[in-house]
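The values are calculated or read from the model by the stated rules, or taken from the named source; none is laboratory data. Worth saying up front: this structure is predicted, and the values here are computed from it rather than measured. Cβ atoms come from the backbone with ideal geometry, glycine included; neighbour counts cover every protein chain shown. Just so you know, the surface numbers come from the protein's heavy atoms only, side chains and all, with ligands and any DNA or RNA stripped out. Shrake-Rupley method; radii C 1.70, N 1.55, O 1.52, S 1.80 Å.
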Amino acid sequence: MTKITFVSPDGEERIIDAEDGDTVMDAAINNDVPGILAECGGACACATCHVYVDDAFMDKVGTPSEMEESMLEFNEHRQENSRLSCQIKVSPDLEGLRVTAPESQY
Ligand code: FES
């Protein structure tokens, strides 16, 4: 298990024990975290699992694949630290990861 803090757009925080090997999106959906919709179920095809990754974890989560990049490219809420949470695998390396949901997933 790896602890992940999800921050909603209004600043509310939830700390979740995520299963290693799941994605950050799985952890959010399995725990009813608000603000993460994941309409495509993790296929990297909807971008409604968008999150902002805390700066301290940007190196650890790595860089987006070409496919993820193409999904983020035209997202109007995109920031430097934007990622699709279905493309981040939970592992002990990410203990304490903190991600924030955008104001809107559309
Ligand atoms: Fe659809 Fe992540 S769940 S892109």
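When you check THR63 against the structure, is it without any contact (Cβ under 8 Å) to a residue 40 or more places away in the chain, more than 10 Å from the ligand (Cβ to nearest atom) and β-branched (Val, Ile, Thr), yes or no?
yes
Out of GLU39, GLU76, report the one residue that is closer than 16 Å to PRO102 by Cβ, surrounded by fewer than 17 Cβ atoms within 10 Å (Cβ to Cβ) and either within 14 Å of the ligand (Cβ to nearest atom) or touching a residue at least 60 places away in the same chain (Cβ under 8 Å) (or both).
GLU39
If I filter the range 79-102 down to residues being surrounded by fewer than 22 Cβ atoms within 10 Å (Cβ to Cβ), over 17 Å from LYS3 (Cβ atoms) and of a type outside the set (S, T, N, Q), which single residue comes out as nearest to the chain's Cα centre (by Cα)?
Only one residue fits best here, namely PRO102.
Could you tell me which residue of the range 21-34 is farthest from the chain's Cα centre (by Cα), considering only residues that are more than 9 Å from the ligand (Cβ to nearest atom) and open to solvent by less than 30 Å² (accessible area, probe 1.4 Å)?
VAL33
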